[in-house]
1. Tell me, which residue of segment 83-105 that is over 24 Å from P45 (Cα atoms) and aliphatic (A, V, I, L, M) is surrounded by the most Cβ atoms within 10 Å (Cβ to Cβ)?
2. Take M34 and decide whether it is in a helix (DSSP H, G or I), on the phi < 0 side of the Ramachandran plot and within 9 Å of the chain's Cα centre (by Cα).
3. In this structure, is L77 in a helix (DSSP H, G or I), out of contact with any Phe, Trp or Tyr (no Cβ under 7 Å at 6 or more places or on another chain) and not hydroxyl-bearing (S, T, Y)?
4. Return the pair list, or none, for Cβ contacts closer than 7 Å from residues in segment 76-94 that are under 16 Å from I39 (Cα atoms) to residues that are hydroxyl-bearing (S, T, Y) and surrounded by 18 or more Cβ atoms within 10 Å (Cβ to Cβ), at least 6 apart or on different chains.
Amino acid sequence: MGTNTESVSETVSTKFSAAQFFDYLSTWFFGIVMLAAAIPHLDNPYYFLGSVYSYKLVEPGIGQAVVMILPLLQLVLAVCLILRVQVDAASLSFVGILFLFSLSRVLLVFLARNDKIA
């Protein structure tokens, strides 16, 4: 009888590997980062619009579209990452958004060094 209860307790307990733990931890972390980025943009879209225009990389019409779409996309990605819904698609989208942010910063620095932006 002692072996039967030991095997039942082993099957009932859930054991996470280090990779699974890191996977859960990273999706929660990046989901919270996206949530923290989305909330101020949703709270004050005019300030966000001003910061988009300050980059001087997009036309005013495109800037307005970015301000309307990007915070909602960030919010959806944050919810998906935190709740672990469509994690692969949300992670890929998260990486894509980070790439675009990084590219815009590099362009801003490059254009500022070449005096293309006042």
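The values are calculated or read from the model by the stated rules, or taken from the named source; none is laboratory data. From a predicted model like this one, the values you see are computed outputs, not experimental measurements. In this analysis, Cβ positions are derived from the backbone assuming ideal geometry, glycine residues included, and neighbour counts consider all displayed protein chains.
1. Taking the candidates together, the pick is V87.
2. On the way: in a helix (DSSP H, G or I): yes; on the phi < 0 side of the Ramachandran plot: yes; within 9 Å of the chain's Cα centre (by Cα): yes.
Judged against the criteria, M34 is a match.
3. No, not satisfied.
4. Partner pairs satisfying both residue conditions: L77/S93; L81/T27.
Quick grid of which residues meet (1) at pLDDT below 85; (2) under 15 Å from I97 (Cα atoms); (3) of a type in the set (D, E); (4) buried (at least 16 other Cβ atoms within 10 Å of the Cβ):
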residue	(1), (2), (3), (4)
S7	yes, no, no, no
V12	yes, no, no, no
A18	no, no, no, no
F21	no, no, no, no
F30	no, yes, no, yes
A38	no, yes, no, yes
Q64	no, no, no, no
L70	no, yes, no, yes
L75	no, yes, no, yes
